[in-house]
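**Student:** Take a look at this one; I'll ask things after.
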Amino acid sequence: MILAKNAYAKFGLTLPPQSVNGTSTNGTAIDTAGASAYTALFILGATTATMDGVKLQESDDNSTWVDITGAAFTAPTDTDDNKMWACFVEKSGARQRYVRVVSDPGAAATLFAAVIILECLEQSPNTATEAGLAERKFIPAN
């Protein structure tokens, strides 16, 4: 059975779906050890204000954070409801171990979530839980 390349990915919910309002929100740190690439997926729901920004940060120690150069997005506006943004990161060179999303919402309610998808893993997760999921399915080709 041949499965999609990302069937063996790991998923980290760095910012669970929530309503953010006027306060910078730091996502949960995701440990990227064992992955040679990752994708950050930013998901915007309903919004009533232009955001000040969305960016990725990284850390070696899960304590001191720095912005990842080139990983900041143009601020979503109040007309960007239900859109997604993706940032593809190759984890080589000086990339640090931990990553998180930081959102700076505008002054009104904004529904927002972010997921980090760890790819090109050294070791495939054996269970849905190890993959960061509640459940996973593998569907072979017809």
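None of the figures in this text is laboratory data; all of them are computed from the coordinates on show. Being a predicted model, the structure only gives us computed values, none of them experimental. No Cβ is skipped: glycine too gets one built from the backbone with ideal geometry, and neighbour counts run over all protein chains shown.
**Student:** For a quick check: with amide H placed at 1.01 Å from N, whose amide H comes under 5 Å from residue 14's, ignoring anything fewer than 5 positions away on the same chain?
**Tutor:** 114, 115, 116
**Student:** Another one. Taking neighbour counts of Cβ atoms within 10 Å as a proxy for exposure, in what order, fewest first, do 14, 74, 25 appear? Show your work: numbers first, answer last.
**Tutor:** Working: 14 23, 74 10, 25 17.
The most exposed by this proxy come first: 74, 25, 14.
**Student:** Near residue 83, which aspartates and glutamates are there with a Cα under 15 Å away, not counting those fewer than 8 places off in the same chain?
**Tutor:** Within the straight-line cut-off, residue 83 pairs with nothing.
**Student:** Can you put 103, 59, 124 in order of Cβ neighbours within 10 angstrom, beginning with the fewest? Working shown, then result.
**Tutor:** Numbers: 103 26, 59 15, 124 12.
With the sparsest Cβ surroundings first, the list reads 124, 59, 103.
**Student:** Report the gain in length on full extension from residue 107 to residue 85: 0.36 nm times residue separation, minus Cα-Cα distance, nm rounded to one decimal. Please list the in-between numbers first.
**Tutor:** Numbers: separation 22, 0.36 × 22 = 7.92 nm, distance 2.10 nm.
Contour length minus the Cα-Cα distance gives 5.8 nm.
**Student:** Among 87, 120, what is the fewest-to-most ranking by other Cβ atoms within 10 Å?
**Tutor:** Values: 87 21, 120 15.
Ranked by crowding around the Cβ, least crowded first: 120, 87.
**Student:** May I ask for the Rg/Rh ratio of region 13-121, computed from Cα atoms with Rh as the Kirkwood radius, given to two decimals? Mind showing how you got there, number by number?
**Tutor:** Values: Rg = 13.5 Å, Rh = 13.8 Å.
Rg/Rh for region 13-121 comes to 0.97.
**Student:** Give me, ordered by chain and number, the residues 5 or more places off residue 62 or on other chains with an amide H under 5 Å from its own placed amide H.
**Tutor:** 98
**Student:** What are the ³J(HN,Hα) values, in whole Hz, obtained from phi via the Karplus relation 6.51 cos²θ - 1.76 cosθ + 1.60 with θ = phi - 60°, for each residue of region 121-137 in sequence order, with x given for Gly and Pro?
**Tutor:** So the Karplus estimates, Gly and Pro as x, are 7, 5, 9, 6, x, 8, 10, 4, 4, 4, 7, x, 10, 6, 7, 9, 10 Hz.
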